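*Asks:* Have a look at this one before I ask anything.
The values are calculated or read from the model by the stated rules, or taken from the named source; none is laboratory data. Since we're looking at a predicted model, the values are computed, not measured. Heads up, the Cβs are rebuilt from the backbone with ideal geometry, glycines too, and the neighbour counts pull from every protein chain shown. To get the accessible areas, we keep the full protein, side chains included, count just its heavy atoms, and leave off ligands, DNA and RNA. Shrake-Rupley method; radii C 1.70, N 1.55, O 1.52, S 1.80 Å.
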Amino acid sequence: GDSVTQMEGPVTLSEEAFLTINCTYTATGYPSLFWYVQYPGEGLQLLLKATKADDKGSNKGFEATYRKETTSFHLEKGSVQVSDSAVYFCALSEAYAQKLVFGQGTRLTINP
Amino acid sequence: SAVISQKPSRDICQRGTSLTIQCQVDSQVTMMFWYRQQPGQSLTLIATANQGSEATYESGFVIDKFPISRPNLTFSTLTVSNMSPEDSSIYLCSVENDGGTGYGYTFGSGTRLTVV
């Protein structure tokens, strides 16, 4: 079945550092890919998405590119802020299944 | 995107009791999804609820333990029955955004359940 694998966490960075959180997937079809963020004590929010190969999703300075050849959707940000501290989830959805399959989540802590 | 109101936001319950979680959506949606997030873990789909039909449960989840109601296109409930400490989790409902799968899903704020 479909699956999503994220890099192990937790990740701790200093403010203004460059961020990469790796995400790879296994799917039988052509899924849509998502990054969700969960801030402390809050629910999940959609951060960005991409629906087909080579699409780049972007939001709040974060970017991720749908790479079909490497089945990856890595999350990047050029300069992180303390307010980016949260848990980040990579997820996929296939149209036929109409449900989200999540990675295990990566806890990110940004120190001032 | 839809707006979901989920309640209660948290509860502490005695083992052996049941808790019903409600989700109200501000627009009509065909399917609603219920997820569980165990402490420090990712989200796992419990079931998919269509209006007017029985919910479809994922492997490892059964209707007797997690009965779901879907009386109309804007509302659903999930009941956690005969609770044990292992049921302590965050429970979230979700709906697909307008436009289909590629537009993502909106989540409720979650119900943090602690069973003592």
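For every residue, the table says whether it meets (1) within 13 Å of chain A (Cβ to nearest Cβ); (2) open to solvent by 30 Å² or more (accessible area, probe 1.4 Å).
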{"position": "B:Gln41", "(1), (2)": "yes, yes"}
{"position": "B:Gln51", "(1), (2)": "no, yes"}
{"position": "B:Ser76", "(1), (2)": "no, no"}
{"position": "B:Thr79", "(1), (2)": "no, no"}
{"position": "B:Asp87", "(1), (2)": "no, no"}
{"position": "B:Cys93", "(1), (2)": "yes, no"}
{"position": "B:Tyr103", "(1), (2)": "yes, yes"}
{"position": "B:Gly108", "(1), (2)": "yes, no"}
{"position": "B:Thr114", "(1), (2)": "no, yes"}
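*Asks:* Report, ordered by the first and then the second residue, all pairs with beta carbons closer than 8 Å, sequence separation of six or more or different chains, a first member in segment A:1-27 that is under 18 Å from A:Ala91 (Cβ atoms), and a second member that is open to solvent by 50 Å² or more (accessible area, probe 1.4 Å) and hydrophobic (A, V, I, L, M, F, W, C).
*Replies:* If the second residue must be open to solvent by 50 Å² or more (accessible area, probe 1.4 Å) and hydrophobic (A, V, I, L, M, F, W, C), the pairs left are A:Ile21/A:Met7; A:Asn22/A:Met7; A:Cys23/A:Met7.
*Asks:* Taking the residues in segment B:53-74 that are among the charged types (D, E, K, R) and over 23 Å from B:Asp26 (Cβ atoms) as candidates, determine which candidate is nearest to the other protein chains (Cβ to nearest Cβ).
*Replies:* Within segment B:53-74, the match that is nearest to the other protein chains (Cβ to nearest Cβ) is B:Glu58.
*Asks:* Then there's this: Restricting attention to segment A:21-46, which residues are in contact with a Leu (Cβ under 7 Å, 6 or more places away or on another chain) and farther than 30 Å from B:Ser5 by Cα?
*Replies:* A:Ile21, A:Cys23, A:Tyr25, A:Ala27
*Asks:* In this structure, does B:Val25 turn out to be open to solvent by 20 Å² or more (accessible area, probe 1.4 Å), modelled with pLDDT of 95 or more, more than 11 Å from chain A (Cβ to nearest Cβ) and over 27 Å from A:Gly9 (Cα atoms)?
*Replies:* no
*Asks:* Taking B:Asp64, is it touching a residue at least 60 places away in the same chain (Cβ under 8 Å), of a type in the set (Asp, Glu) and part of a loop (DSSP other than H, G, I, E, B)?
*Replies:* So B:Asp64 fails the test.
*Asks:* Mind checking which residues of segment A:23-47 are buried (at least 19 other Cβ atoms within 10 Å of the Cβ), within 9 Å of another protein chain (Cβ to nearest Cβ) and part of a strand (DSSP E or B)?
*Replies:* A:Ser32, A:Phe34, A:Tyr36, A:Gln38, A:Leu44, A:Leu46
*Asks:* So if I check each of B:Arg36, B:Arg70, which one is crowded, with 16+ Cβ neighbours inside 10 Å, basic (Lys, Arg) and within 25 Å of A:Trp35 (Cα to Cα)?
*Replies:* So the residue among B:Arg36, B:Arg70 that is crowded, with 16+ Cβ neighbours inside 10 Å, basic (Lys, Arg) and within 25 Å of A:Trp35 (Cα to Cα) is B:Arg36.
*Asks:* Quick check on B:Ser18: is it open to solvent by 20 Å² or more (accessible area, probe 1.4 Å), hydroxyl-bearing (Ser, Thr, Tyr), in contact (Cβ under 8 Å) with a residue 24 or more places away in the chain and farther than 13 Å from B:Asp87 by Cα?
*Replies:* So B:Ser18 fails the test.
*Asks:* I'd like the residue in segment A:55-94 that is within 13 Å of A:Glu16 (Cα to Cα) and part of a loop (DSSP other than H, G, I, E, B) and, out of all such residues, is most open to solvent (accessible area, probe 1.4 Å).
*Replies:* Checking each candidate, the answer is A:Gln81.
*Asks:* Among the residues of segment B:8-45, which ones are β-branched (Val, Ile, Thr) and either in contact with a His (Cβ under 9 Å, 6 or more places away or on another chain) or in a loop (DSSP other than H, G, I, E, B) (or both)?
*Replies:* B:Thr17, B:Val29, B:Thr30
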